[in-house]
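For reference, the structure discussed in these notes is given below.
The values are calculated or read from the model by the stated rules, or taken from the named source; none is laboratory data. What you see is a predicted model, and the numbers here were worked out from it, not measured in a lab. No Cβ is skipped: glycine too gets one built from the backbone with ideal geometry, and neighbour counts run over all protein chains shown.
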Amino acid sequence: MRQLLRHKVSAGVLALAGTWTPAAAQDGPPSLGPLREHPIIVLESYVGQRPANANAIMAPLLDELEQHGFAAHPASVLELVGGRAPRPGVLDKDTTAAEITQPAESGYEAYTRGRFAEAEAALKLAIERIHRNPALLVLDTNNLEATFKILVALALSQAKRGDAGGSLATMIELIRTFRDRPIARVDYGPDAEQFYRAVARQVQALGRGQLSITVANDQAVIFVDGQIRGLARAALTDLIPGVYRVFIQVPATAGRQYEVEVTAGHATALRVDWELDSALWLTDAWVGFVFATEAERARQAGFAAALARRWPGGDALAVVGMTQLQDRPAIVGRLYDPTGRVVRGAAVVLDGADEPRLRALARFLADGIAGEGVRVIQGGGAGDAVPQGTVGARLAPRLLVGAGAAALLAGGVLYAIDQDPGATPSPMVRNTAPAGIAVGAVGLAAISVGIWMWGARGGSSPLVAIGSSGGFIGWGGAL
């Protein structure tokens, strides 16, 4: 009855790890081991919204990766990760609740008028949209009533058209979703009531299973098949075997939905790492990470490692994305192992004639041999390092501000211990004020230069506050 849903992913930006070196500087490509049972999954990664031209830019890279055995296209990735992978709570962009319920109303009317083919088409569309966009519906309990009517009318329309298998599957879904609500003779007639009871007897013989859900977020509201089941955790017993649709809503987020299959005689568990799953977007158009800030993107290596262990393959995951390198647009690609270590990584600069270099980058990720225009990233560790020159650019203003603050403090001490020649009978007088003023002036100049350099670089800024009883030196913003 139901078409298997595809999943969506968002994408983001990568920071370049280590320094760029010519391909010849690399001794040899790291090996990924023997022939793989499953392809390596490829995700995009961005900070903020995915650029509008990302599809056109990424296409040669993703196509070449597919040709070398990676799962790089959304359809390939979604087929591998299955229904338990997190998808956004709204899969059909710009869809409203009214647009979902409209085909349900027209389909139900067609059913009541005996136009069963028309009813089936409209009701199938309605139930598919309900499954794909739970975030639009779960907060209004009236939508449960609409879902019940859709499933009843769809099952009966399929039966009237001779689709015994489809009507049986739809009726089982109805019974599984609405355990305590039978079809009433007064509403749908004796034939519908008999059909319901016959299927319910068959369902009794299917056995029962269990489902437990835990979310690493105390604000997570858990819905199962559109019905609220708990906060942060839920335990369901005596479940009819089949696929259950779990939706998790956390305030100020799009939520995430999962499809979980429960089997008879087994306890199934869904454990949600909310930080990871909320950064992961699996869509029909693209798949990847979206981070709100560069600071959040620092978790990318850890996320990639977790997914490499969670998803088929189990030993590697590739991440590709757009970034700026020396004020020039570039594509960076990395291959992570299950610990978050960079197996290999490289970048290509974009200049308009990019397809050959992007395909060369894909081949490098596949075999470790860098072609023309591919800049190998050396020294990749578990996390993302920064482009060449950035470390020095960050260190210089810090040193200047730190040294200047020390000099300013020393100057203040020298000025404070200065002695007035007429204030003591001792022939030895500490005349340190001139030196203190000079040292303090040098310190203040160093702090000023450091602050200027930091402001020109952007990012976090040093803060200096001096008062009569003390002072403060620190950084504001993200380091």
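Here is a list of conditions, (1) farther than 25 Å from Met58 by Cβ; (2) of a type outside the set (Gly, Ala, Ser); (3) in contact (Cβ under 8 Å) with a residue 40 or more places away in the chain, and Val250 meets all of them except one; can you say which number that is?
It fails just one condition, (3).
Within the stretch 271-315, track down each residue that is modelled with pLDDT of 95 or more, part of a loop (DSSP other than H, G, I, E, B) and surrounded by fewer than 22 Cβ atoms within 10 Å (Cβ to Cβ).
Asp273
Looking at the stretch 146-199 only, could you name the residues that are in contact with a strand residue (DSSP E or B) (Cβ under 8 Å, 6 or more places away or on another chain) and within 17 Å of Ala121 (Cβ to Cβ)?
none
Have a look at Ala98, Ala56, Ala52, Ala85 and point out the one that is surrounded by fewer than 16 Cβ atoms within 10 Å (Cβ to Cβ) and more than 21 Å from Leu350 (Cβ to Cβ). Write out each step before concluding.
Numbers: Ala56 fails: more than 21 Å from Leu350 (Cβ to Cβ); Ala52 fails: more than 21 Å from Leu350 (Cβ to Cβ); Ala85 fails: surrounded by fewer than 16 Cβ atoms within 10 Å (Cβ to Cβ).
Checking each option against the conditions leaves just Ala98.
Restricting attention to the stretch 232-262, and to residues there that are under 22 Å from the mean Cα position of the chain (by Cα) and of a type in the set (A, V, I, L, M), which single residue is surrounded by the fewest Cβ atoms within 10 Å (Cβ to Cβ)? Reasoning before the result, please.
Taking the stretch 232-262 first, the residues under 22 Å from the mean Cα position of the chain (by Cα) are 232-233, 245-260.
Next, from what is left, pick out any that are of a type in the set (A, V, I, L, M): 232, 246, 248, 250, 252, 254, 260.
Working: Ala232: 18, Val246: 24, Ile248: 26, Val250: 18, Ala252: 5, Ala254: 14, Val260: 17.
Of everything passing the filter in the stretch 232-262, Ala252 is surrounded by the fewest Cβ atoms within 10 Å (Cβ to Cβ).
Go through (1) charged (D, E, K, R); (2) over 25 Å from Arg129 (Cα atoms); (3) assigned by TED's automatic domain parsing to the domain that holds Val262 and name the single condition Arg197 misses.
Among (1) charged (D, E, K, R); (2) over 25 Å from Arg129 (Cα atoms); (3) assigned by TED's automatic domain parsing to the domain that holds Val262, the lone unmet condition for Arg197 is (3).
Taking the stretch 79-134 only, how many residues are basic (Lys, Arg), in contact with a strand residue (DSSP E or B) (Cβ under 6 Å, 6 or more places away or on another chain) and at pLDDT 95 or above? Outline the logic, then answer.
So in the stretch 79-134, the residues basic (Lys, Arg) come out as 84, 87, 93, 113, 115, 124, 129, 132.
Pick out the ones that are also in contact with a strand residue (DSSP E or B) (Cβ under 6 Å, 6 or more places away or on another chain) and you get 84, 87.
Checking the rest, the ones that are also at pLDDT 95 or above come to 87.
The number of residues fulfilling the criteria is 1.
Test Phe70 against the stated conditions and say whether it is farther than 30 Å from Ala295 by Cβ, outside the structural domain of Pro251 (by TED's automatic domain parsing), of a type outside the set (D, E, K, R) and more than 19 Å from the chain's Cα centre (by Cα). Even if it seems obvious, please write down each step before you answer.
Values: farther than 30 Å from Ala295 by Cβ: no; outside the structural domain of Pro251 (by TED's automatic domain parsing): yes; of a type outside the set (D, E, K, R): yes; more than 19 Å from the chain's Cα centre (by Cα): yes.
So Phe70 fails the test.
What tally of residues in the stretch 176-221 results from selecting those that are more than 17 Å from Arg271 (Cα to Cα), assigned to a loop (DSSP other than H, G, I, E, B) and in contact (Cβ under 8 Å) with a residue 24 or more places away in the chain?
Residues flagged as more than 17 Å from Arg271 (Cα to Cα), assigned to a loop (DSSP other than H, G, I, E, B) and in contact (Cβ under 8 Å) with a residue 24 or more places away in the chain within the stretch 176-221 amount to 7.
What pairs can you find where one residue is in the stretch 322-335 and without any contact (Cβ under 8 Å) to a residue 12 or more places away in the chain and of a type in the set (Lys, Arg), the other is surrounded by fewer than 22 Cβ atoms within 10 Å (Cβ to Cβ) and not in a strand (DSSP E or B), and their Cβ atoms are less than 6 Å apart, with a gap of 6+ or different chains?
none
For Thr339, work out the one condition from (1) part of a helix (DSSP H, G or I); (2) surrounded by fewer than 18 Cβ atoms within 10 Å (Cβ to Cβ); (3) polar (S, T, N, Q) it doesn't fulfil.
In the conditions (1) part of a helix (DSSP H, G or I); (2) surrounded by fewer than 18 Cβ atoms within 10 Å (Cβ to Cβ); (3) polar (S, T, N, Q), Thr339 misses (1) alone.
Taking the conditions exactly as written (crowded, with 22+ Cβ neighbours inside 10 Å, at pLDDT 95 or above, out of contact with any Pro (no Cβ under 6 Å at 6 or more places or on another chain) and not assigned by TED's automatic domain parsing to the domain that holds Glu261), does Leu137 satisfy them or not? Spell out how you get there, then give the answer.
Details: crowded, with 22+ Cβ neighbours inside 10 Å: yes; at pLDDT 95 or above: no; out of contact with any Pro (no Cβ under 6 Å at 6 or more places or on another chain): yes; not assigned by TED's automatic domain parsing to the domain that holds Glu261: yes.
Answer is no for this residue.
Give the residue that is farthest from Gln249 (Cα to Cα), with candidates limited to residues of the stretch 198-218 that are surrounded by fewer than 14 Cβ atoms within 10 Å (Cβ to Cβ) and polar (S, T, N, Q).
Here is the first cut: in the stretch 198-218, the residues surrounded by fewer than 14 Cβ atoms within 10 Å (Cβ to Cβ) are 198, 201-202, 204-205, 207, 216, 218.
Now restrict to residues that are polar (S, T, N, Q): 202, 204.
Values: Gln202: 34, Gln204: 32 Å.
This residue is Gln202.
Within the stretch 165-191, restricting attention to residues that are aliphatic (A, V, I, L, M), touching a helix residue (DSSP H, G or I) at 6+ places or on another chain (Cβ under 8 Å) and surrounded by fewer than 19 Cβ atoms within 10 Å (Cβ to Cβ), which residue is modelled with the lowest pLDDT?
Residues of the stretch 165-191 that are aliphatic (A, V, I, L, M), as a first pass: 168-169, 171-172, 174-175, 183-184, 186.
Right, trim to touching a helix residue (DSSP H, G or I) at 6+ places or on another chain (Cβ under 8 Å) and you get 168, 171-172, 174-175, 183-184.
This time we only want the ones that are surrounded by fewer than 19 Cβ atoms within 10 Å (Cβ to Cβ), so: 168, 184.
Working: Leu168: 96, Ala184: 91.
By that ranking, first place goes to Ala184.
Please enumerate the residues belonging to the stretch 301-316 that are aromatic (Phe, Trp, Tyr) and under 15 Å from Ala72 (Cα atoms). It would help to see each step written out before you state the result.
Start the filter on the stretch 301-316 by keeping residues that are aromatic (Phe, Trp, Tyr), which leaves 303, 311.
Hit for the stretch 301-316 is Trp311, nothing else.
Using beta carbons and a limit of 9 Å, which pairs, at least six apart or on different chains, have the first residue in the stretch 350-361 and more than 14 Å from Met322 (Cβ to Cβ) and the second one surrounded by fewer than 20 Cβ atoms within 10 Å (Cβ to Cβ) and of a type in the set (A, V, I, L, M, F, W, C)?
Glu355/Ala59
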